[in-house]
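Here's the structure, in structure tokens; my notes come after.
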């Protein structure tokens, strides 16, 4: 690959090349690109960089990029093809022709409330055929693979996805006649699963808590399936150059055309990084002074510096990862913004209510970043925000008041027709028993004995330093045993449940009741700040107890019985 490969040489995992080499190794026809632009299988330059024999059955999605793109290089030097940006015909040959070409809409009420001087324009990607900007990369990856001779009729497409890329691929596969299998973490909404299945895709759910390099992760699960299914291919959005190329050639071109080549700031979320990389590179070439703002949720590790990446879980879907995808080029980002779930979903609901934009949750992250970072812009300047997907995927999530309340994103004043007497009382009113915890090294068998002896179904797992690393339940132990994932002698740390709800002792019983409508228990924790030797402060949590529906109901009935007894006694005395 020439050193000045041009403005679109985004990553060397492109399928838009001239010759295919295949290997009979465990990787099958895993696709990579060598330094002379050719596709190759096992033994390629890319695979050699892994260096570990235990990783031959998959290709890491976070390998260093070898792309030689540089600002100012001539597009003519690029090894990639760049389809012309043309207006679609009046009658489309199929629904794939409705991918892209999304509107740019001026926002009015929200920018005014935040006293922004600049124009704020929303790129509404939810108008695309599959409902998100991921349709663009799905179609590009498939068509590039077809041109390279990799995808053939009746082949199988397998892809690890948080949902939107999967839907884009399933849509494309439905039109073109491919089998499609999507692996997806359990955290992702049921609406996404339903849409995927409606499109004919097969869906494999994986534990949300599984790290990307864990055998149980959606990434590794996809590779396991690929190695078992003949004529199957992982197009690999995390490494495939077609991902950012799709946005370089279409999304960015549309924005430039719609803005007449004049914009001063772009705000976009970062998932795989393809949108941010592709759009930012094109805009930097055409608008040298444009500021690029990347948005990453709290709990994700994409953003630099590392001190901003405190490990926590997050509810927003489609942005943020526990690894840095190969296609993400952080050098084109001028400013990173870390978004919280609360501001994300609050702003997403405002975009729907105040601007009439039926967008998804990550759009709230982007808009929350925009109203703060665009304060520096003046009148006459433009800030473009990319709204990635539709509310269709989240009807049972942030659109629901009950879900928002259960997750703690709506206060105790959440909609209730008539509040019962106990609604505003605090969790500490329950007078929970002294908490029981187990160490991560305790065996599953011993844990079962402890649970049985204490007549409980779950217990927090806490390290010797006091860190809460998860919960273990009889259900998780049993399911792991039945699936032959563990033996009774194994440490309980192998069957941890990390997807559980927490409440503070000062939270209301109303909030707790919403949680217990869907969850069997909630962990009561006390947050406090600990100052260490060097004077720095650390956030710590202490287990206060575990509360179940029985605890809440017992408290309510006991208090009501006492109240009834007092009323009866008063009536007798009056007689």
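Only the coordinates and a few stated rules stand behind these numbers; no lab work does. The shown structure was predicted, so the numbers you read here are calculated from the model rather than taken from an experiment. With ideal geometry, Cβ positions are generated from the backbone for all residues, glycine too; neighbour counts draw on all protein chains shown.
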### Summary
In nanometres, the difference between 0.36 nm per residue of separation and the alpha-carbon distance of residue 224 and residue 520 is 103.3 nm
#### Entry: Cα-based shape type of the range 322-461, given that a ≥ b ≥ c are square roots of the gyration tensor eigenvalues and the cut on a/c is 1.5
oblate
#### Entry: Computed FRET value (nearest 0.05) for residue 346 with residue 455, which takes r as the C-beta separation and R₀ as 45 Å
0.65
### Task
Order these peptides, 126-134, 259-267, by their mean beta-carbon neighbour count within 10 angstrom, highest first.
126-134, 259-267
### Protection-proxy order for peptides 138-146, 200-208, 387-395, each taking the mean of Cβ atoms within 10 Å per residue, highest first
138-146, 387-395, 200-208
### Message
Please compute the modelled spin-label separation between residue 82 and residue 484, points set 7 Å along Cα→Cβ, answer in nm with one decimal.
### Response
5.4
### Message
Taking the Cα of residue 540, stepping 7 Å toward and past its beta carbon, and measuring to each backbone N in the range 431-469: which are under 16 Å?
### Response
462-469
### Task
Give, in nm to one decimal, the length gained when the segment between residue 431 and residue 474 is fully stretched (0.36 nm per residue of separation minus the Cα-Cα distance).
13.0 nm
### Task
Take the Cα radius of gyration of the range 419-560 and divide it by 2.2 N^0.38 Å, with N its residue count; two decimals is plenty.
1.15
### Task
Please give the FRET efficiency for residue 527 paired with residue 112, using the beta carbon to beta carbon distance and R0 = 25 Å, rounded to the nearest 0.05.
0.10
### Message
Along the Cα→Cβ direction, 7 angstrom out, place labels at residue 208 and residue 549. What is the inter-label distance in nm?
### Response
2.0
### Query
Between residue 231 and residue 465, what length in nm is gained on full extension when 0.36 nm per residue of separation is reduced by their alpha carbon distance?
79.3 nm
## Note on the structure
Each label sits 7 Å from Cα toward the beta-carbon; between residue 443 and residue 400 the label points are separated, in nm, by 4.1
